[in-house]
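Chemist: Got a structure for you, questions after.
The values are calculated or read from the model by the stated rules, or taken from the named source; none is laboratory data. As the structure is a prediction and not an experimental result, all values here were calculated from the model. Using ideal geometry, Cβ is built from the backbone for each residue, glycine included, and neighbour counts are taken over all protein chains shown.
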Amino acid sequence: YDRGKSRVDPAVGFRAVARRLRADRADAAIVLPNSLSSAALAWAAGARRRIGYAGHWRRPLLTDVVAPPLSRPRHGDSRDDARVTPPASFLHLASALDIPCGGADESPTLTLATSPGDERCADDVLARLFPGSAGPLVMLNDNGAHGPSKAWGVDRCAALARWLLPRLPGCRVLIHCGPGDRETARAVERAADHSAVRSLADVDDLPLGLSKALYRRATLSVSTDSGPRHIAAAFGVPTVALVGPIDPLCGRSDPRRCVEIRLELPCSPCGRRVCPLGHNDCMRRITPEQVGEAALALLARTGDGGRRMQAG
């Protein structure tokens, strides 16, 4: 039920999903989003236990209202650092089912795996795009389903790719994209104008498994605050995340291997899909040099950048 992309009346999509879920006769539903519609869907689906947080007029639709977790600030934490991350908040809901999930102060570890088919697909793509090269792989992503407010821009992405090439000798920069983002990725590759900067734009099939296998072998990831950022985190890849219109806490992962670049502007974070002021400064004022320097510092700090670079 993807309301944002549905081509039909959202109410029709809601009813259809509720009917399918009702057929499963669920014993319990853990309602993760803090929205009225998500709680209503669990109720309409007939789940006997509906577990979630109160708020947004949801309480009558829930059978188990869970008290929000409390985080204990550590010495030196900023107010933002002390807030409970969404993953920890979601896991806390499982406590109503007596599922052990750790405390709010624990940072859940993301994990992903690839199949042999995923790895073969990645081998084929890299051999085709970078023939004869096995240098460190840098994944660059400027796409996101949230909307254009998260985009960094073609020229800045291309400038970063060119900036990194002489500073990571022998590296290959691959512009990541999904099926709906091919034109943007192709434009970045064209603007970079270098044989070591390629994109997935002309790869016929772009399954999720290919993305996972490519990120698994990456030396470095630079991404907007979108899905590929989390794929990289799940494989322990050092990642620079460009965070603009969204609250940085919403996507925060392992701080040891991720650095967030965010400008403190009066209008940010607005959470809007399109910049309401028309300038998108929270992303556009982040410079390629700023991102590149942060990337090199992150690789030096993590210590595993060198190992990944040697491994190719």
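Chemist: Given (1) within 20 Å of the chain's Cα centre (by Cα); (2) closer than 26 Å to Cys282 by Cβ; (3) assigned by TED's automatic domain parsing to the domain that holds Ile261, where does Leu110 come up short, assuming only one miss?
Modeler: Going through (1) within 20 Å of the chain's Cα centre (by Cα); (2) closer than 26 Å to Cys282 by Cβ; (3) assigned by TED's automatic domain parsing to the domain that holds Ile261 one by one, Leu110 breaks only (3).
Chemist: Tally time: how many residues in the range 276-289 are hydrophobic (A, V, I, L, M, F, W, C), out of contact with any Gly (no Cβ under 6 Å at 6 or more places or on another chain) and at pLDDT 90 or above?
Modeler: Counting residues in the range 276-289 that are hydrophobic (A, V, I, L, M, F, W, C), out of contact with any Gly (no Cβ under 6 Å at 6 or more places or on another chain) and at pLDDT 90 or above gives 1.
Chemist: Contact list please: Cβ distance under 6 Å, first residue in the range 251-278 and closer than 14 Å to Ala241 by Cβ, second residue at pLDDT below 85 and surrounded by 15 or more Cβ atoms within 10 Å (Cβ to Cβ), pairs at least six apart or on different chains.
Modeler: Matching pairs, first to second residue: Arg252/Thr85; Glu260/Pro248; Arg262/Pro248; Pro269/Pro245; Pro269/Ile246; Pro269/Asp247.
Chemist: Would you confirm whether or not the range 132-144 contains a residue that is out of contact with any Leu (no Cβ under 9 Å at 6 or more places or on another chain) and among the hydroxyl-bearing types (Ser, Thr, Tyr)?
Modeler: Pass one, the range 132-144, residues out of contact with any Leu (no Cβ under 9 Å at 6 or more places or on another chain): 132, 141, 143-144.
With the extra rule that they be among the hydroxyl-bearing types (Ser, Thr, Tyr), the set shrinks to none.
Taking every residue of the range 132-144 in turn, none turns out to be out of contact with any Leu (no Cβ under 9 Å at 6 or more places or on another chain) and among the hydroxyl-bearing types (Ser, Thr, Tyr).
Chemist: Any idea which residue in the range 17-56 is farthest from the chain's Cα centre (by Cα), counting only those that are surrounded by 18 or more Cβ atoms within 10 Å (Cβ to Cβ) and β-branched (Val, Ile, Thr)?
Modeler: The selected residue is Ile51.
Chemist: Sticking with this structure for a sec: For the range 266-292, enumerate the residues that are surrounded by 15 or more Cβ atoms within 10 Å (Cβ to Cβ) and either of a type in the set (Val, Ile, Thr) or in a helix (DSSP H, G or I) (or both).
Modeler: The answer is Asp281, Cys282, Met283, Arg284, Ile286, Pro288, Gln290, Val291, Gly292.
Chemist: Another question about this same structure. Checking Ala151 against (1) within 24 Å of the chain's Cα centre (by Cα); (2) at pLDDT 95 or above; (3) within 22 Å of Val240 (Cβ to Cβ); (4) crowded, with 18+ Cβ neighbours inside 10 Å, which single condition isn't satisfied?
Modeler: Only one criterion in (1) within 24 Å of the chain's Cα centre (by Cα); (2) at pLDDT 95 or above; (3) within 22 Å of Val240 (Cβ to Cβ); (4) crowded, with 18+ Cβ neighbours inside 10 Å is unmet by Ala151, namely (2).
Chemist: Follow-up. Considering the range 48-107 alone, what residues qualify as being more than 17 Å from Ser38 (Cα to Cα), among the basic types (Lys, Arg) and at pLDDT 85 or above?
Modeler: Residues satisfying the conditions do not exist here.
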